Amino acid sequence: MIETYLDGKKAEMIKLLERLVNTDSGSYDKDGVDVVGAILKENFENAGMHVKVHREKEMGNHLEIKASEECDPKIIIIAHMDTVFPKGEAKERPFKVIGDKAFGPGVNDEKASHVQVLYALKALKKSGSDAYKNVHVIFNSDEEVGSPSSKSLIKQAAEDKQYSLVVECARPNGGIVTERKGVGNFSINVKGKSAHAGVEPKRGRSAIEEISHKILQLQKLNHYEEGLSVNVGLVKGGTSSNTIPSNAEAEIDVRIKGEEQAAEVTKEILKIAQQESVPGTMTELKGSISRPPMKKTEQTEQLVKVIQEAGDELGMSIHPLSSGGGSDAAFTAVEGIPTVDGMGPMGEFSHSETDEYTDLKTLQQHTALLAKTIEKLSK
């Protein structure tokens with residue numbers, strides 16, 4: 001019944017996906033994220049679900065969705081509405097379909113998942129299953145920047161939950177994610193003293209020279225074989241080539257495999273920030289490890305078996321894998337809730353300005369997989 005219902009909804013699902021993709025919703029584009037939220041609110045309410053809007057002043061609003069205000073569901077589903085793309089990106093390269101692939105900003109990360117969650121619940125209701133009442137959905141607006149305003153909402157919603165399903169995209173060939181690295185974001189800001197590079201260079205204190213010493217030391221913190229990576233991915237500074245630069249900034253991405261690495265790498269980054277190679281410069285360090293690692297447990301393996309059983313019924317081969325990327329799955333996993341990520345439709349090249357796509361052949365299939373998994377977990 002679930003598959004039959006979804007077979008007749010393909011065009012409708014793609015139409016909603018097009019509308020979502022053609023709406024800009026970068027993390028710092030509050031107006032755009034709120035439009036996406038309004039579209040989803042309307043569709044879930046039309047499907048008979050209760051939607052609560054958690055309003056934010058700076059970031060986009062978050063949505064909390066249940067069958068009714070009074071129900072006590074045991075499954076949490078998490079998806080994010082924000083993308084990494086700037087305002088205007090959707091107009092420059094709007095939604096398009098080439099063969100079986102849908103392209104556009106955020107199509108895979110993760111607007112196809114919005115459609116999936118909606119139609120999985122609709123399919124359950126249509127089939128006469130009460131399992132849709134066992135689901136608590138969180139659509140947050142700031143996942144791509146570490147979920148600063150939604151982390152507490154996710155943790156609150158996760159209380160007393162038995163399972164967590166996170167609908168980042170599935171990997172090719174039926175891959176779902178059972179392990180993720182922890183994520184940290186740091187920034188270093190160096191202040192020096194400007195001077196004319198030709199007339200009186202000795203009066204200057206180069207912030208760029210100082211930050212260069214720090215960057216070399218930061219890159220030496222990498223221990224890939226131990227699952228620790230430190231990447232200085234963005235650097236800027238100075239005003240002109242003939243001016244000793246008085247300012248320089250660097251953005252640092254950190255990935256950790258174990259929680260014990262968090263304190264150690266934070267300590268090392270602070271130590272590097274405090275070192276002074278160019279006398280007269282000052283350095284400010286900001287940031288932290290924002291997401292803990294998502295570790296696979298015996299309970300996670302049992303949850304995977306249930307998902308695999310649902311996949312078998314659909315002719316799908318499901319296998320677990322690990323990922324170096326971070327997601328909100330970490331917030332439920334660290335609370336001891338069996339958590340599986342990558343439950344969305346299959347796609348690739350998230351964050352790409354040209355290649356990101358969702359495989360439309362998997363849109364209905366993975367929607368059915370989500371629905372059947374919910375149903376099995378609710379028995």
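Things worth noting here:
- Alpha-carbon centroids, the stretch 217-232 and the stretch 19-76: separation in whole Å: 37 Å
- Taking a ≥ b ≥ c as the square roots of the Cα gyration tensor eigenvalues, the stretch 335-379 comes out oblate, since a/c reaches at least 1.5 and a/b does not exceed b/c.
- Listed pairs K305/K361; K257/K305; K9/K96; K41/K74; K15/K161 exceeding 27 Å between Cα atoms: K15/K161
- Calculated FRET value between A263 and S127, using beta carbons and R₀ = 41 Å, to 0.05: 0.25
- A cut-off of 5 Å between modelled amide H atoms, ignoring neighbours fewer than 5 places along the same chain, links D142 with M81, D82.
- Highest-fluctuation residue, Q219, Q308, Q116 considered, GNM on the chain with Cα pairs under 10 Å: Q219
- Label-point separation, T4 to E301 (7 Å along Cα→Cβ), nm: 3.9 nm
- E200/R55 FRET efficiency (R0 41 Å; Cβ-Cβ; nearest 0.05): 0.15
- Placing a label point 7 Å from the Cα of H213 along the Cα-to-Cβ direction, the residues of the stretch 184-203 whose backbone N falls under 17 Å of that point are 188-194, 202-203.
- Full-extension gain in nm, K96 to L321, via 0.36 nm per residue minus C-alpha separation: 78.0 nm
- Cleavage-rule hits (trypsin sites (Lys or Arg not before Pro)) in the stretch 8-64: DSSP loop, at most 15 neighbouring Cβ within 10 angstrom: R55, K57
- GluC sites (Glu not before Pro) within the stretch 132-198: DSSP coil, no more than 10 neighbouring Cβ in 10 Å: E159
- For the chain, DSSP calls about 70 percent of its internal beta bridges antiparallel.
- Percentage relative contact order, the chain, counting C-alpha pairs under 8 Å, at least six apart: 22 percent
- Virtual spin-label span in nm between T354 and K87, 7 Å along Cα→Cβ: 2.7 nm
- Given K91/K133; K87/K236; K10/K379, the pairs whose alpha carbons are separated by over 31 Å: K91/K133
- Neighbour-limited loop hits for GluC sites (Glu not before Pro), the stretch 1-70 (at most 16 other Cβ within 10 Å; DSSP other than H, G, I, E, B): E58, E69, E70
- Mean separation of Cα contacts under 8 Å, 6 or more apart, over the residue count of the stretch 182-291: relative contact order %: 43 percent
- The simple spin-label model puts a point 7 Å past each Cα toward its Cβ; for D72 and Q274 those points are separated by 5.0 nm.
Read-outs throughout are calculated quantities, based only on the coordinates presented, and are distinct from any laboratory measurement. Keep in mind that this is a model prediction, so the values were computed, not measured. In this analysis, Cβ positions are derived from the backbone assuming ideal geometry, glycine residues included, and neighbour counts consider all displayed protein chains.
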